1. Which one is surrounded by the fewest Cβ atoms within 10 Å (Cβ to Cβ), of the residues in the range A:334-349 that are farther than 22 Å from A:Ile395 by Cα and more than 8 Å from chain B (Cβ to nearest Cβ)?
2. When the residues of the range B:256-273 are narrowed to those that are closer than 21 Å to B:Lys404 by Cα and in a loop (DSSP other than H, G, I, E, B), which ends up nearest to the chain's Cα centre (by Cα)?
3. Has the range A:142-159 got at least one residue that is under 23 Å from A:Arg110 (Cα atoms) and surrounded by fewer than 16 Cβ atoms within 10 Å (Cβ to Cβ)?
4. I'd like the full set of residues that are crowded, with 18+ Cβ neighbours inside 10 Å, within 13 Å of chain B (Cβ to nearest Cβ) and part of a helix (DSSP H, G or I), limited to the range A:31-51.
5. A:Leu276 is checked against (1) outside any helix (DSSP H, G or I); (2) within 14 Å of chain B (Cβ to nearest Cβ); (3) aliphatic (A, V, I, L, M); (4) surrounded by 17 or more Cβ atoms within 10 Å (Cβ to Cβ) and fails just one. What number does that condition carry?
6. If you take the residues in the range B:63-81 that are among the small types (Gly, Ala, Ser) and assigned to a strand (DSSP E or B), which one is nearest to the other protein chains (Cβ to nearest Cβ)?
7. Of B:Thr225, B:Thr229, which residue is more than 23 Å from the chain's Cα centre (by Cα), in a helix (DSSP H, G or I) and surrounded by 15 or more Cβ atoms within 10 Å (Cβ to Cβ)?
8. Residues being at the interface with chain A (Cβ under 10 Å from one of its Cβ atoms), closer than 21 Å to B:Arg352 by Cβ and not aliphatic (A, V, I, L, M): count how many of those fall in the range B:291-325.
Protein chains: 2
Amino acid sequence: MFETAELGRRTSKEEYKTLEPFLRTGVLTVQYELRDADFPVVLVIAGTDRLGCSDLMNLLHEWMDARYLEASVFEAPSDEELERPRFWRYWRALPAKGRVGIFHREWTTRAIVDRVKGNLDEAGLDQRLRHIEGFERALADDGALVLKFWLHLPEKALARRLEEAENGSGKSWEITKEDRLVLRHYPRVQSVAEQVLRRTSVGGALWNVVESADWRYRNVAVAQTLIQTLTRRLAEPPKLRIHPPGPAPREPNPLTVLDHVDLTKTIDDEAYEKKLKRYWGKLAKLGRKSHQRGLSAVVAFEGWDAAGKGGAIRRLTKPLDAARYRVVPIVTPSDEEGVHHYLWRFWRQLPRGGHWTIFDRSWYGRVLVERLEGFATEEEWRRAYAEINDFEEMIVHRGILLLKFWIHISPEEQLRRFKAREKVPFKKYKITTEDYRNRDRWNGYELAADEMVQRTSTDYARWHLVSGNDKRWARIQVLKTVCRELERAMD
Amino acid sequence: MFETAELGRRTSKEEYKTLEPFLRTGVLTVQYELRDADFPVVLVIAGTDRLGCSDLMNLLHEWMDARYLEASVFEAPSDEELERPRFWRYWRALPAKGRVGIFHREWTTRAIVDRVKGNLDEAGLDQRLRHIEGFERALADDGALVLKFWLHLPEKALARRLEEAENGSGKSWEITKEDRLVLRHYPRVQSVAEQVLRRTSVGGALWNVVESADWRYRNVAVAQTLIQTLTRRLAEPPKLRIHPPGPAPREPNPLTVLDHVDLTKTIDDEAYEKKLKRYWGKLAKLGRKSHQRGLSAVVAFEGWDAAGKGGAIRRLTKPLDAARYRVVPIVTPSDEEGVHHYLWRFWRQLPRGGHWTIFDRSWYGRVLVERLEGFATEEEWRRAYAEINDFEEMIVHRGILLLKFWIHISPEEQLRRFKAREKVPFKKYKITTEDYRNRDRWNGYELAADEMVQRTSTDYARWHLVSGNDKRWARIQVLKTVCRELERAMD
């Protein structure tokens, strides 16, 4: 893989002098054109030539307009970062549409370093690489231009570079322990790097290996690739975003997983009050314990309109310490959220250690309302299943408890509740004509929910389908499940 | 101050039972009405009755809609918080318009604890209280409803409360070391608390001292005050936001501080190149050193259109490590920024330890463009001077280097540059008809800039007025100043 980057290519001083003005104008022009475009650029700068990476980042800041450029260099994670899934720090640094984000010492570099240092075994590396692939694919699929450069230095050149920096050029401060480590274990680093680069060179996020021994050649090569790739991408006609209305409901409705939910379940007053008190006592203790242990939880509620999500959430939070949880209603995204990947708004809400985030509707909107209403294209909602599974795997992998509830009711029960709400002045605000319109799409939503459960009920994050025609039954089921899963998590 | 909260007031069980449904409906109703209002509620819950505070927060979460409520409890700051000014963690937790933010163990409590524990002397406390006053006043002036409750327990009641929690009620886990400390040093705590509460009871942010020995009385008192205050506020006609065009330029123009800037300064090519290189070398070293020491910097650039801010910023960043600085252009606020205090967007951009944020235009827009164009009312821009001074004092107080540059040019020079830009295809995008319109307001802007410098050039953050008719002269001045101030800061 690196042989093609050891050909001794050079750009002469004269040639560079001729090319430089064109390259400068070129990168600046594409950057300005990008500002009106509907996608961001995720620019990864990595490689054995760490000093070269640094120089290259500085060069890009000089050539481009630094006001629309954000470089993120990932050193030791902060404690706020450590409390979240590994990729949280990358998600929070992602550039908005129209902007360029430079990433250095990022996810790939971390994987290589961790493997070389022995912090990751083969299986751990494999899982990490799957996460990287999923992350980059999600960005690229969403339209981001993911452009990755690997600056390669042959062993001898690296040794020379470090020696020069150490002695001659007054740059000895730039050399880190890790640079020396790379040199000392050069063959091993190369072999791990090759493995990692091969695995993470997937369509839409290919690596560009650049021969870095001659800095002029390196600058020219990177700038040219950047200009060409971005120009080509900017010239593409914007994707036709046809928003077909969701799939026509098939008649008669086939049996869905929701049909297996036994909607006849009920609980009488006495048993309800008794169980409520019991679970509240239990949950109060478990919640406290989870806080002390730094265990976080993410709880997502989905279900039909008027299924009783709000009531279930209120019963769930009642015994919890208000200082430790936050209920996040998912409504229209803000404009900052709108210029990022659709999962970005959920990533930014992940709780700190020992805290809970409870989502009233969630990322599953992508494969439910957005699918049905045509806000997401078929391509978009189809690939969302895998993206969501990856997202949830990372949450669970960090040791965060993830719980997903679908509260199920029958169409008849829903109608009864709508009518009842209209009579209570105080609850009227909850009912709009849209709610009635959604009812007409019941079959479509049912099929979408069925597919959602099938595709996203994983062994690490399975769906809890709750029978909701009796609200009180549903609330007890939610409490019971949360207590059970908390106990299991703290065992 | 606390005598009126030791009267032994109680609410009987029966009375509470009668009142509760009305209070619940009341707080929920005002909360829903708030959702469409143009201001946030900052709800502070503090006091010697810490356990009561906790119960009260839980109660509010139960009675209100938790989805539009955010409780923040401030324990030991994270490392990301420690690297910013003390109030950064409070600013980042501020609720948006239409929402309620509950703050517990917040700025006031911290001040009392720090003073009692001896971490603050009288002078330190005094400064802290000034910051608190400034912070709360800024929020209230901006329209936030700042509602502060102090739950008071007489010494005996506190002793009893702790004893009960420890033995009877199975709540012993709730008791912290600090609770015991409060009890042990009760008279001292009370006297410091009284001093702090008195100082921070300023118009728009008065304390409500609540007798907390009887929990029913406490709940009723707090809920009633909350309902009444919010109802009254919601009933106020929205403030007439008359946006007068800025002050008419007086003719002939009086002498302004800008007139003292000697615009004849120039530098020849040779000297320029020589000095540029010298300062770049110096700055490279100083930047590195500042990073190693964790010294952050905030640099703000203001000045006329086409004054050369961009060019000066590029020359300033050239020797810096791209991984350590970010250039933030100040344009139209995002919608998330728009529903917060106007300083919120600047607070959120304050750099981590060892990093720099360079603002291309800044918070001074409030007293320049917003004043002149009438985007801010006279009341708003007038009070902005004090708000800005407080903001900057907190930055400096944290040990962050703050530098402010006004690059000055003559109107003739500006016109020359506009014309020149129009001829360069690549720079055309920089000139709009608005730029020409702004020229007509030169006198107004000049007076506004003059007043800005007068009112915000403080001993901790003075303005650097830079002669800019010769761009190269200006660049060298900026470099020279930054080097000098960095050296001074690291001495």
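The values are calculated or read from the model by the stated rules, or taken from the named source; none is laboratory data. In this text the structure is predicted, and so the values were computed from the model without any measurement. Virtual Cβ from ideal backbone geometry, glycine too; neighbours counted across all protein chains shown.
1. Going residue by residue through the range A:334-349, those that are farther than 22 Å from A:Ile395 by Cα are A:334-336, A:338-339.
Cutting the leftovers down to more than 8 Å from chain B (Cβ to nearest Cβ) gives us A:338-339.
Details: A:Gly338: 15, A:Val339: 18.
Selected residue: A:Gly338.
2. We begin by selecting, within the range B:256-273, every residue closer than 21 Å to B:Lys404 by Cα; these are B:256-263, B:265.
Narrowing further to those that are in a loop (DSSP other than H, G, I, E, B): B:256, B:261-263, B:265.
Values: B:Thr256: 29, B:Val261: 31, B:Asp262: 35, B:Leu263: 35, B:Lys265: 37 Å.
Checked the range B:256-273; the qualifying residue nearest to the chain's Cα centre (by Cα) is B:Thr256.
3. Checked the range A:142-159: at least one residue is under 23 Å from A:Arg110 (Cα atoms) and surrounded by fewer than 16 Cβ atoms within 10 Å (Cβ to Cβ).
4. Selection gives A:Gln31, A:Arg50, A:Leu51.
5. It fails just one condition, (1).
6. Among those residues, the one meeting the criterion is B:Ala71.
7. Values: B:Thr225 fails: surrounded by 15 or more Cβ atoms within 10 Å (Cβ to Cβ).
B:Thr229 is the lone residue from the list that is more than 23 Å from the chain's Cα centre (by Cα), in a helix (DSSP H, G or I) and surrounded by 15 or more Cβ atoms within 10 Å (Cβ to Cβ).
8. Qualifying residue count, the range B:291-325: 6.
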